[in-house]
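Trainee: The structure that follows is given in the form of structure tokens.
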Amino acid sequence: MLRNFEELSPVAIDCLKEIGNIGSGNAASSLSAMLSQSVRMRVPDIRVLDYGAVIDEVGGPEKVITGILVTFKGDIKGMIMFLLEDMFAKIVVKTFMGKENVNVIQLDENDISAVKEMGNIMAGSYLNALAALAGFTVAMDVPSMTVDMMGAIMNAPMVEFSEVGDKVLFIDNRFVIDDVDINSNIILIPEMESLDILMKKLGVN
């Protein structure tokens, strides 16, 4: 049985990358439909990284970011976290609330609800891609959202999934919404037992 990401074979990592690619495409389509705007996805960069490298990739421990965390359960269990730049929240709030010049650290309850719903839809896109490939049933919990420094945001997955090891699947996503480039980084952490089941289901050693 797999004990951590370091034990994944190159073929298994390629399989996870393909799931990330499909999920990214699904997320772009879902966002476009919800926002009623053109959403294009640049080819994602998908790597297995440790937590420190993830923090550095996103901009360092003191960079303020919007984090949306969704845990999932069913045939497989784990969590998926979206790390979104300010512009994403601003576009969502402008589209649904009609507000201009939004400060992401001063969002009201309705603004937060709208951004969380977008995160929920994006998470669903990824998990549906995974479930469809493996023939699994996956259910998502209600997403939680926080706006904080990157170092603080990463504490939750580091503590909760410490037994998985210090590696995560990092997806460096770049969406283009109405010609505005937006960085959207994603980390996917399945429980090791679930990852083992997934690899076997997909016929990957």
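Trainee: Regarding GLU193, is this residue more than 21 Å from ILE19 (Cα to Cα), part of a helix (DSSP H, G or I) and modelled with pLDDT under 85? First the steps, then the outcome.
Mentor: Details: more than 21 Å from ILE19 (Cα to Cα): no; part of a helix (DSSP H, G or I): yes; modelled with pLDDT under 85: yes.
Taking the combined requirement at face value, the residue does not satisfy it.
Trainee: I'm trying to understand the selection: among the residues of the stretch 81-90, which are out of contact with any Ser or Thr (no Cβ under 8 Å at 6 or more places or on another chain) and surrounded by 22 or more Cβ atoms within 10 Å (Cβ to Cβ)?
Mentor: Let us first name the residues in the stretch 81-90 that are out of contact with any Ser or Thr (no Cβ under 8 Å at 6 or more places or on another chain), namely 81, 87, 90.
Listed by number, the list holds a single entry, MET81.
Trainee: Let me ask something additional. Would you check if there is a residue in the stretch 167-174 being assigned to a loop (DSSP other than H, G, I, E, B), of a type outside the set (Gly, Ala, Ser) and at pLDDT below 80? If you could, list the steps in order and put the result at the bottom.
Mentor: In the first step, residues of the stretch 167-174 are kept if they are assigned to a loop (DSSP other than H, G, I, E, B); the result is none.
No, that holds for no residue.
Trainee: If a residue has to be more than 24 Å from GLY60 (Cβ to Cβ) and either surrounded by 15 or more Cβ atoms within 10 Å (Cβ to Cβ) or not hydrophobic (A, V, I, L, M, F, W, C) (or both) to count, how many in the stretch 140-156 make the cut?
Mentor: Just the residues of the stretch 140-156 that are more than 24 Å from GLY60 (Cβ to Cβ), to begin with: 140-143.
Right, trim to either surrounded by 15 or more Cβ atoms within 10 Å (Cβ to Cβ) or not hydrophobic (A, V, I, L, M, F, W, C) (or both) and you get 140-141, 143.
Total meeting the criteria: 3.
Trainee: Continuing with this model, one more query. Being hydrophobic (A, V, I, L, M, F, W, C) and surrounded by 20 or more Cβ atoms within 10 Å (Cβ to Cβ) is the filter; apply it to the stretch 13-27 and report the residue that is modelled with the highest pLDDT.
Mentor: Going through the qualifying residues, I end up with ALA27.
Trainee: While we're here: What residue, of ASP56, ASP108, is among the acidic types (Asp, Glu), without any contact (Cβ under 8 Å) to a residue 12 or more places away in the chain and within 19 Å of ASN173 (Cβ to Cβ)? Outline the logic, then answer.
Mentor: Working: ASP108 fails: within 19 Å of ASN173 (Cβ to Cβ).
Of ASP56, ASP108, the one residue that is among the acidic types (Asp, Glu), without any contact (Cβ under 8 Å) to a residue 12 or more places away in the chain and within 19 Å of ASN173 (Cβ to Cβ) is ASP56.
Trainee: Answer yes if at least one residue in the stretch 29-38 is surrounded by 14 or more Cβ atoms within 10 Å (Cβ to Cβ), closer than 17 Å to LEU198 by Cα and touching a Phe, Trp or Tyr at 6+ places or on another chain (Cβ under 8 Å), and no otherwise.
Mentor: Within the stretch 29-38, not a single residue is surrounded by 14 or more Cβ atoms within 10 Å (Cβ to Cβ), closer than 17 Å to LEU198 by Cα and touching a Phe, Trp or Tyr at 6+ places or on another chain (Cβ under 8 Å).
Trainee: I'd like to verify a number: residues in the stretch 126-139 that are crowded, with 16+ Cβ neighbours inside 10 Å and assigned to a strand (DSSP E or B), how many?
Mentor: 1
Trainee: Also, I was wondering about something else. Within the stretch 10-40, track down each residue that is under 19 Å from LEU133 (Cα atoms) and among the hydroxyl-bearing types (Ser, Thr, Tyr).
Mentor: The first filter runs over the stretch 10-40 and keeps only residues under 19 Å from LEU133 (Cα atoms), leaving 10-30.
The answer is SER24, SER29, SER30.
Trainee: Could I ask something else about it? Under the condition of being more than 18 Å from LEU35 (Cα to Cα) and crowded, with 16+ Cβ neighbours inside 10 Å, which residue from the stretch 99-125 is modelled with the lowest pLDDT?
Mentor: The extreme case among them is VAL104.
Trainee: I need a count of the residues in the stretch 39-65 that are under 20 Å from MET118 (Cα atoms) and surrounded by fewer than 18 Cβ atoms within 10 Å (Cβ to Cβ).
Mentor: So the count comes out to 3.
Yes/no matrix, rows are residues, columns are (1) touching a residue at least 12 places away in the same chain (Cβ under 8 Å); (2) surrounded by 15 or more Cβ atoms within 10 Å (Cβ to Cβ); (3) within 16 Å of ILE68 (Cα to Cα):
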site	(1), (2), (3)
VAL159	no, no, no
ASP172	yes, yes, yes
VAL180	yes, no, no
LYS200	no, no, no
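The values are calculated or read from the model by the stated rules, or taken from the named source; none is laboratory data. Given the structure is predicted, the values throughout are model-derived calculations rather than measurements. All Cβ positions, glycine included, derive from the backbone under ideal geometry; neighbour counts span all protein chains shown.
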